[in-house]
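*Asks:* Got a structure for you, written out below as structure tokens; questions coming shortly.
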Amino acid sequence: MSSKRAIVELLTSAELVAVAQQLGLDGAEHDSHSALLEGMVASKGATLPKILAELPIDRLKELCRAVVADDSGRNRPTLIRRLTRTDSATRLFGLVARDARIAVIFRRGPSKQVRMLLWDLVTDAVTPGQWLSGRIYDERCGISPDGRLVVYFAGKFKTKLATFTAVSRPPYFTALALWPEGSTYGGGGFFEHNRKLILNYNCLIAELNNNATLPADFVVSHTGEYCKRHNRDQTAQANQGWILKSKGADGAPTPKMRFVYSPPWVCVKPHPTQAGVTLERSTLGMGEVNGPFTVYSYRLLETPPKPASASAGEALASDLGRLDWADWDHDGSLLFAEHGCLYRRALATRVAKTPVKLVAALGDQVFSNVLPPEEARKWP
């Protein structure tokens, strides 16, 4: 794994000046080579992925040969990821609001420190929020359709609460309502609509303050009641837009993964604007050593239009490989995360031929005590 300094030291003076100008660093035109180098290394805004994003592909391949002895491929994000493996311990997971172009991002790393961030999908501005010292169970979290509330399931095992479900205003963890759990058998939930929360239990459990802080128009129910009105497969995944395609089965565990699914659980999510285009997510297993707790791989599938006198052709597949997370934006862009970075990919007609944009590199963030503003303590 290569440090930011080790790679920046390989850049020429001309490259340092060009990158510094693009990133808006002071002294780009007048500082000496050594001053530019030290300034770039010290700059928190000039992250390594941002620096590398300013270099041409041929130069990235040269750096890959020099640093990691592997220059295969001509895909810019692939080459950048190869040079920024120090971000691999940062895990990202996202929730896209159903009715608003807003996403909540959970950034984990180290393992017991999680930060919530707010991603404005219109401008691609990413607003950092509060940290939580503990664990967030990503798959049990949900975002309200308007993006103004988030429900999360957290573990703080050295406290009296141990585990709990809470509702907050992103990007802050400060609880507006909280349901103690104490174990990991239940917990978390999803929003059926903006003012109705479904908790992952077969019955209602007591809220910490006996619902004293809940607004009069905010309804709390449970999956037992929800499943009476819906098919039992329509859980939080269905409300985030994922549809179960095929059920998996338990396979033999390996030294690297405690729980293996063979075949995997497969869910799909249709493209929001293009008929016949689908994002497919396979859950390969859980409990990977030195990896994510839940292991996903993704594919893009495109079914050619069906001629009037023929059956539909075989779906075109673009393998995205293992990613921390992927989902659709409302405008049809593919959003995904890996190695501590958020990406956006505009989707053309053919799923395999589209550009990728680095939105944010979050691998170098460090835990700090972030106090919530007064607005985050009030219900919207």
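The values are calculated or read from the model by the stated rules, or taken from the named source; none is laboratory data. For clarity, every value in this text was computed on a predicted model and none was experimentally measured. Note that we place each Cβ from the backbone using ideal geometry, even for glycine, and neighbour counts take in every protein chain shown.
*Asks:* Going by the structure shown, is Val150 under 19 Å from Pro180 (Cα atoms), surrounded by 20 or more Cβ atoms within 10 Å (Cβ to Cβ) and assigned by TED's automatic domain parsing to the domain that holds Trp328?
*Replies:* Numbers: under 19 Å from Pro180 (Cα atoms): yes; surrounded by 20 or more Cβ atoms within 10 Å (Cβ to Cβ): yes; assigned by TED's automatic domain parsing to the domain that holds Trp328: yes.
Judged against the criteria, Val150 is a match.
*Asks:* If you don't mind, another one. Quick one: which residue in Leu60, Leu48 is buried (at least 19 other Cβ atoms within 10 Å of the Cβ) and touching a strand residue (DSSP E or B) at 6+ places or on another chain (Cβ under 9 Å)? Walk me through how you get there before you give the answer.
*Replies:* Details: Leu60 fails: touching a strand residue (DSSP E or B) at 6+ places or on another chain (Cβ under 9 Å).
None of the other options fit; the residue is Leu48.
*Asks:* Condition check: in contact with a Leu (Cβ under 7 Å, 6 or more places away or on another chain), at pLDDT below 90, surrounded by fewer than 17 Cβ atoms within 10 Å (Cβ to Cβ) and in the same structural domain as Gln113 (by TED's automatic domain parsing). Does Thr349 satisfy that?
*Replies:* Numbers: in contact with a Leu (Cβ under 7 Å, 6 or more places away or on another chain): no; at pLDDT below 90: yes; surrounded by fewer than 17 Cβ atoms within 10 Å (Cβ to Cβ): yes; in the same structural domain as Gln113 (by TED's automatic domain parsing): yes.
Considered against the rule, which asks whether it is in contact with a Leu (Cβ under 7 Å, 6 or more places away or on another chain), at pLDDT below 90, surrounded by fewer than 17 Cβ atoms within 10 Å (Cβ to Cβ) and in the same structural domain as Gln113 (by TED's automatic domain parsing), Thr349 comes out as no.
*Asks:* Being at pLDDT 95 or above, aliphatic (A, V, I, L, M) and surrounded by 15 or more Cβ atoms within 10 Å (Cβ to Cβ) is the requirement here; does Ala53 meet it?
*Replies:* Working: at pLDDT 95 or above: no; aliphatic (A, V, I, L, M): yes; surrounded by 15 or more Cβ atoms within 10 Å (Cβ to Cβ): yes.
Criteria not met by Ala53.
Quick grid of which residues meet (1) of a type in the set (Gly, Ala, Ser); (2) out of contact with any helix residue (DSSP H, G or I) (no Cβ under 8 Å at 6 or more places or on another chain); (3) modelled with pLDDT under 95:
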site	(1), (2), (3)
Leu176	no, no, no
Cys203	no, no, yes
Leu208	no, yes, yes
Phe218	no, yes, no
Gly224	yes, yes, yes
Arg229	no, yes, yes
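*Asks:* Consider Thr235 carefully, then state whether it is on the phi < 0 side of the Ramachandran plot, of a type in the set (Val, Ile, Thr) and at pLDDT below 90. Don't jump to the end; show me each part of the working.
*Replies:* On the way: on the phi < 0 side of the Ramachandran plot: yes; of a type in the set (Val, Ile, Thr): yes; at pLDDT below 90: yes.
It is true that Thr235 is on the phi < 0 side of the Ramachandran plot, of a type in the set (Val, Ile, Thr) and at pLDDT below 90.
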